[in-house]
Every structure is written in structure tokens, then in C-alpha cells.
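Just so you know, all these numbers are worked out from the coordinates, no wet-lab data involved. Treat the numbers as computed from the prediction; the structure is a model and nothing was measured. All Cβ positions, even for glycine, are placed from backbone atoms using ideal geometry, and neighbour counts span all protein chains on display.
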Amino acid sequence: MPARPASSTRRLWTVLAGFALATGVGAEELPLHQRIDALVAATWGEARPSPQADDAELLRRLWLDFDGGIPSAEQTRAFLADTSPGKRAALVEKLLSSPRFATRMADAFDVMLMERRGENAAWREWLTASFQANKPWDAMVREILAPDFQDEKLRGAGWFITRRLEKVGQQDTDYPGLTRDVGRMFMGVDLQCCQCHRHLTVDDYKQADFNGLFTVYQNLKLQPADAKIKVPWVSEGVVAARYEFASVLTGAKGQTGPRVPFTTEVAIPAYTGDEAWLVKPDRKTKELGKPKFSPLQEIAQRLPAPENAFFARNAVNRVWFLMMGSGLVEPLDFIHSENPASHPELLDLLAKEFAAHRFDLRWLIRELALTEVYARSSALPREAAPKAGAERTYTTARERHLTAAQMTRTFLLATGELERVSTVTKAEPEKDEKKYTLADFEKAFVAALANAPKEPELQVNPTLRSSLFLRNGDHVLWAVKPRAGNLVDRVLKLPTPEAMAEELYLSILTRMPDTDEKALFAEWMERPGVEKSLAVGDFVWALLSSTEWFVNH
């Protein structure tokens, strides 16, 4: 057996060594998902974990996380009937290899990185193409932080920067906001408080950490799209001296060159005159010039490097949040020594393995999906009372509300209207009702259900607007009317109330109805004088209004 590592990971080694002895496999040879489960279970003490989720619960969870929607009734029936022992792992592989996985990841990372600042086709195309190609996360971040606006396939990555540099009204360009967001999104540190003075609550965060990034971004100028570069882009000026700053609290002064927070600053070359330019500015030709020394490129190369522990920790913490519903470190952008992870050894292990696997997001997501932690039921063990902080121990899966994108796709799949709205290119009257496009639904669901722009979308904030939309919004009421091939139409053609109930529950909630639910539906349909099409539509509406539908189970 290899020598024990340093004391900071000794407990990790003890847990894994015990597991390895029981399995006859070296601790370091175990798949990551088994090491994750061993570390999480080691923190439970006498606590009883929930059992593994049943097939229906896990099926819905995987589809929502990997596809952004839910399976059809036929797909659900097939999975529930499958008795092969490896069907869950096979489903993970199937969904990971589907084209929908890239779209779902683009949805999730767009909301995470841009925080509802608007839509940009080039940005979405770049995100989707990057996930389709399984581009390493460090490569994606380099393309975001130092965009190549000359390359048509890569210029979309620049929207992260250009959108934040757009002026709002008479306000100054928000260079501090861009600086803050680079630290938050790619290192998990919110340095905003350090712009003008030391951080008031976090000793780890220094004023030089903020200003080392700020000197890079305040040197940028937003340029309009032109004939050569057909999107807004940024130019960079010459940096010839270190940036000077002072504390508004103490008056203490400091200087810094460009630098990644918590690391050494980048030396600024001493150029003379035109030596500073790789391409000289020229007023006649409107050439803005290109400096030899690019702080933007320096940060883009140094921040997403394997030796930057904050980069890997932030990435795995955010992916863990996407999969499990809470981060190992909370808040996600407040990683520091006095805010330890719920499972410090686990965070270190994930960061180390992520870097060792060349920042392969698909590999990381696969390993998390194969854990018992991810596949645990969201129902508490029988006779177990809820305990404070239970979601951070991962004894029970945390129910997660659907995002606006998940809810839109799930709603249209459940009602059987996705194909219809996807083929309509323009909203227009159709006899006595309106045709809707997919874009109409996406816009309506985002307007009603998404968080406000620039607000991290980490939880759902119920509003009167969202409640009214889901109760009697035009889009909702339209989808529960019988229409050729949709859910209501299919159900009306079934021979018995039992078959009808099964089709409804499988299509909407991804599970079979129980005996009481079947009886309730039969009673609903057998009322004297009932109009069956209206009754089925109302029942669909009721299921789509249930708490069970709003969450991932």
C-alpha cells in the first residue's frame, strides 16, 4: 500500500483504505463515484440514510438533469419493465451521449454565468458546440476570458465580457461588476467588498486581489460590431505601470500589476514608445492597435490553470450544486478558509480528480450521476424526523424545483405539444384560437418563472405572477385542450379510466398512479353529465399544478 498522505487528507485515506480492504481493490484504483459515496457515508454517524430512489424517481431525475425534460409514457414504461441489473448506468450513458445533453448544459451554464442578462445567439451556439465537443472546462474559460473575436466559431464566448461592459443609461461602464463576476464565476470568490478597502468579514480576501483583476478589465474598451467583426468586441490598451489603489477606511495605499487573486502578480514589460505595440494604432485606417503585452491573455492563461486550486474547487462545487441541489461550499461564490465545505476532504478529492482528468465536465457529471448520493430517494426513511441541515449531509436527496427552461420543455412534453409548437414558425390565428411557437412558450415561462436579471438563480422565488400564469395563463389553458395527437386527445381514446389514469401519470409525473389515484380519477370521470374532454383537461391542469410536478422528485 502506498505511503499515507499528509494529515489534511488522512481521514480521507482511512475511509477509502477501509473500503478498499473490503473490496480487495486499492483505494486509489476505486472509481471516483465509489470514493464519493465512502466519504459522504463516513459523516453520517448514527443517522439513517434514505433508501435508493426507485426506478421512476431516478428516471425523472436523470432526464431532467441530462435532457432538460422528461421521458414519454412509452419510454417510462420500457424503463420500469426492464429487469437488467445495469439499466441505470446504461441510462446515464445514453443520456450523456444524446444531443440534448449539450443543449441542457448550455441552458444551465447560460443561467449560471450570465444570470439572465438577456439572450445572445452567438453565445448560445458557442456554449452548445463546446458541450457537444466535450471541450475541457479550462479551455472554455480561456475562450471566455480572452475572446478571439476574429474566429467566427469562438467569438460568441466574448459575450460574457461584452454584455457586462454595455452601458446602462448614464451610468459608468461597470468595470467593477465585470471584475467581481470573473472572481465569482471562475474562482468562487466574491471580492466586491475589496474594491475600496479590505474585506470586512473575510481575512483571506485582500484589496490587492480585487485590484489585480480590476487593472485588467478597466483597460478594456467596448467596440461596436463592424464589417470585419460582426459582434460587439473589446480592444485593449497598453499597460505600462502598476495600478495604484488606496483604502477608503485607513488611507493605506498599494500597487499591483495584473494578477489572479491570491497569486503573484504578472511582471509588466518595460517597453519604450512604439515597442509596446504588436500592431500600431492608426487614425487614418481606424486601426485601434494591439499591444504586445496583454493582461487579458495573461489572466486567461493563469486563472484556469491546474495549480490554481480555487479554479478547480469552484468548478466542482458548482457542478455538485447542479446535480445535488446544494453546494459543498455555500454560498457558491464565498470559498475561503473560514467557510469550510460541508465535506472538505470530498471537495479536495473532486478538485484533484477533475484537474487530473483535464477538466472533463462530462466525466465529472457521469461520476456524480453514478453515486449512491445522487441516486438516493428524496423521501425520508420511515419514522425518521427531518433534521436541520440534513440536505448538507446527503442522507436524503434534496428535491429541486425545475428551472424555467426545464419547466417549459417538461410542460410541452407532458401535454404532447412540443412537436406542434416546434414546427410553427410564426404565431398566428388558427380558426378560433392562436398558434404558438416554441419561442412564445420559452418567453412566457421565463417571464413568469425566472429570477430577476443579475440575480443568481440558486432557488425559486414564488411570485404572484408565476402563480397566476400557471393557474390561468393563456399558454397553459391552450395546452390542456384536446388537439390531434396531444395528451388530452390520446387519453380520450383509451378504453378504461384505469388506462387513462396510467397514461396521465406516466406522461406528467413519470410514474404509475397508485390505487387511490386511479380511484380518484375514475370518480372524477364518472360524474353525472360530465364532458369528458373538459374533465380530462382539468385533470391534466391539476397534475401540472401539483407540487410533485414542480420538483425533480
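Between the Cα long axis of helix 175-187 and the first principal axis of the chain there is an angle of about 60°, rounded to the nearest 10. Here the Debye sum runs over all C-alpha atoms of the chain as equal scatterers in vacuum, and log10 of I(q)/I(0) at q = 0.06, 0.10, 0.11 Å⁻¹ comes out as -0.36, -0.94, -1.10. Each stretch of four or more DSSP H residues adds -39500 (n - 2.57); spread over every residue of the chain, this sum gives -14000 deg cm²/dmol at 222 nm. Of the two radii for segment 404-550, the radius of gyration is 0.99 times the Kirkwood radius, both from the alpha carbons; that is the Rg over Rh value.
Placing unit charges on each Cβ (+1 for Lys and Arg, -1 for Asp and Glu) gives the chain a dipole about its Cα centre, and among ALA108, VAL239, LEU504 the Cα reaching farthest toward its positive end belongs to VAL239. Per-residue extension of 0.36 nm, minus the Cα-Cα distance of GLU498 and GLN459, leaves a gain of 10.4 nm for this segment.
Net charge of the neighbourhood of THR201, taken over other residues with C-beta under 15 Å away and scored Lys/Arg +1, Asp/Glu -1, is -4. Percent of alpha carbon pairs in segment 46-167 separated by more than 24 Å? So the portion of pairs separated by more than 24 Å is 43 percent. Taking the 0 to 90 degree range and rounding to the nearest ten, how far is the long axis of helix 121-132 tilted relative to the main principal axis of the chain, both from C-alpha atoms? It works out to around 80 degrees.
Angle of helix 515-525 to the longest C-alpha principal axis of the chain, folded into 0 to 90 degrees and rounded to 10: 70°.
Each of LEU328, SER377, LEU361 was scored by the projection of its Cα onto the charge dipole of segment 307-409, and the greatest displacement toward the positive side belongs to SER377; charges sit on the C-beta of Lys, Arg, Asp and Glu. Put simply, segment 71-138 fits an ellipsoid with semi-axes of 31, 14, 9 Å; these come from the alpha carbon gyration tensor as the roots of five times its eigenvalues, largest first. Exceedance of the 28 Å cut-off in Cα-Cα distance is limited, within the set LYS481/LYS518; LYS253/LYS290; LYS221/LYS454; LYS153/LYS290; LYS434/LYS518, to LYS253/LYS290; LYS434/LYS518. The residue among ALA121, GLY289, THR250 whose Cα reaches farthest toward the positive pole of the charge dipole of segment 119-302, with charges on the beta-carbon of Lys, Arg, Asp and Glu, is GLY289. Using a/c under 1.5 as the rounded threshold, could you call segment 103-255 rounded, prolate or oblate? The axes a ≥ b ≥ c are square roots of the C-alpha gyration tensor eigenvalues, and prolate needs a/b larger than b/c, oblate otherwise. Judged from the Cα gyration tensor, segment 103-255 comes out prolate (a/c at least 1.5, a/b above b/c). Note on segment 403-495: with charges restricted to the Cβ of Lys and Arg (+1) and Asp and Glu (-1), its dipole about the Cα centre is near 140 debye. Net charge dipole, segment 119-302: roughly 280 debye, given to the nearest 20, about the Cα centre with Cβ charges of +1 for Lys and Arg and -1 for Asp and Glu. Distance between the 7 Å Cα→Cβ label points at LEU249 and ASP151: 4.3 nm. Applying 1/(1 + (r/R0)^6) with r as the Cβ-Cβ distance of SER84 and LYS292 and R0 = 45 angstrom yields a FRET efficiency of 0.15. Spin-label model, HIS197 to ASP174: label points 7 Å out along the Cα-to-beta-carbon direction sit 2.4 nm apart.
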